[in-house]
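Asks: Below are the structure tokens for one structure; questions will follow.
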Amino acid sequence: MNELVILERLSPVGLDELDATAALLTRRDRKYLVPVAMAAEVVERLADASRVLEIDGRRRFHYESVYFDTPEHCSYLAAARRRPRRFKVRTRSYLDTGRCLLEIKTRDPRGRTVKERHEHPIELRDGLDRAGRAFVGRCELIGDQSQVLEPALTTRYTRATLLVGAACARVTIDTDVGAGTPDGRRVRLVGMAIIETKSGGPPSEADRILWALGLRPTRVSKFCTSLAALRPELPSNAWTQALRHRWAVGDAHTRETVASDDRGLALAG
């Protein structure tokens, strides 16, 4: 996205330093749906207080995540019904470096996101091997459900990561967001970026800048919102606001969107 050329003007930070200062495996997340041009303005306002992750000269990276759920959609439905105790299981592949991690995301009693990670073979990223199922099964919320988890959705997007301020908050900016189900349905988020602020507690400087621009956190999840767009038979009230934006829906052979439905989804023909 040319709109984010501002990233080239920021000072760099390496991955080791970023992980050492702001791994934030237990954190408070706030997500914002932002027009891409406005995302560039956010970065501009953060420029003096931020550094951008750089690896081998790259500042924007291609990610792929495969989300796993039970045949009864236990993970999705717990989020849709806003259960305080819920989980997500996914493989996250860093396509530019060839690394893959199996991740479990849960919430602690204070409502913070807790992430656990396990190295996973990238060539097996769309499945769980014996070691992966054992790792997932050790999570109290999942237990024996680990044996029936299967791929439910694959997402792809491009990400830039900022290290912001003395509090060492992270900000991620995701563009070119798209997703697909194993049966070939496809969806993409058109003209928008997902900005996520991640801090150990209070709102970060990035949150305050976003608020000053009139933006407020939105309940949006690449997994749940994409699946809600693709599977209208599933309950989706939790993501009503996010679904008002333009999500282009089609199948593996669709190239263009031609109409919109009453939820703001662009329907491909």
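The values are calculated or read from the model by the stated rules, or taken from the named source; none is laboratory data. The structure displayed is predicted, hence computed values, not measured ones. Don't worry about glycine lacking a Cβ; one is built from the backbone with ideal geometry, like all the others, and counts go over all protein chains shown.
Table: residues versus (1) in contact with a Ser or Thr (Cβ under 8 Å, 6 or more places away or on another chain); (2) surrounded by fewer than 16 Cβ atoms within 10 Å (Cβ to Cβ).
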{"residue": "Ala37", "(1), (2)": "no, yes"}
{"residue": "Val42", "(1), (2)": "no, no"}
{"residue": "Ala49", "(1), (2)": "no, no"}
{"residue": "Val52", "(1), (2)": "yes, no"}
{"residue": "Arg82", "(1), (2)": "no, yes"}
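Asks: Restricting to the stretch 100-114, count the residues that are within 17 Å of Asp69 (Cα to Cα) and touching a residue at least 24 places away in the same chain (Cβ under 8 Å).
Replies: 3
Asks: For Arg112, indicate whether it is more than 18 Å from Ala152 (Cα to Cα), of a type outside the set (Ser, Thr, Tyr) and in contact with a helix residue (DSSP H, G or I) (Cβ under 8 Å, 6 or more places away or on another chain).
Replies: no
Asks: Going by what's in this entry, would Arg28 be described as surrounded by 14 or more Cβ atoms within 10 Å (Cβ to Cβ), outside any helix (DSSP H, G or I), over 19 Å from the mean Cα position of the chain (by Cα) and not aliphatic (A, V, I, L, M)?
Replies: no
Asks: Does Leu77 qualify as being closer than 25 Å to Ser204 by Cα and of a type outside the set (Val, Ile, Thr)?
Replies: no
Asks: I would also like to ask the following. Would you mind finding the one in Arg170, Arg159, Arg208 that is modelled with pLDDT under 95 and within 15 Å of the chain's Cα centre (by Cα)?
Replies: Answer to the check: Arg170.
Here is a yes/no grid of residues against (1) under 27 Å from Leu77 (Cβ atoms); (2) free of Cβ contacts under 8 Å to residues at least 12 places away in the same chain:
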| position | (1), (2) |
| --- | --- |
| Arg133 | yes, no |
| Glu140 | yes, yes |
| Tyr157 | yes, no |
| Leu162 | no, no |
| Arg170 | no, no |
| Ile173 | no, no |
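Asks: Please determine whether any residue of the stretch 213-229 is surrounded by 21 or more Cβ atoms within 10 Å (Cβ to Cβ), modelled with pLDDT of 95 or more and hydroxyl-bearing (Ser, Thr, Tyr).
Replies: Yes: one or more hits.
Asks: Given (1) without any contact (Cβ under 8 Å) to a residue 24 or more places away in the chain; (2) under 27 Å from Asn237 (Cβ atoms); (3) out of contact with any strand residue (DSSP E or B) (no Cβ under 9 Å at 6 or more places or on another chain), where does Val148 come up short, assuming only one miss?
Replies: Val148 satisfies every listed condition except (1).
Asks: Out of the residues in the stretch 222-240 that are assigned to a helix (DSSP H, G or I) and hydroxyl-bearing (Ser, Thr, Tyr), state the one that is farthest from Lys105 (Cα to Cα).
Replies: Thr240
Asks: A follow-up question, please. Just to be sure I understand the filter: pairs with C-beta atoms under 6 Å, separated by 6 or more residues or on different chains, first member in the stretch 29-47 and without any contact (Cβ under 8 Å) to a residue 40 or more places away in the chain, second member surrounded by fewer than 18 Cβ atoms within 10 Å (Cβ to Cβ) and acidic (Asp, Glu). Which pairs pass?
Replies: From residues that are without any contact (Cβ under 8 Å) to a residue 40 or more places away in the chain, the pairs are Ala37/Glu3; Ala40/Glu3.
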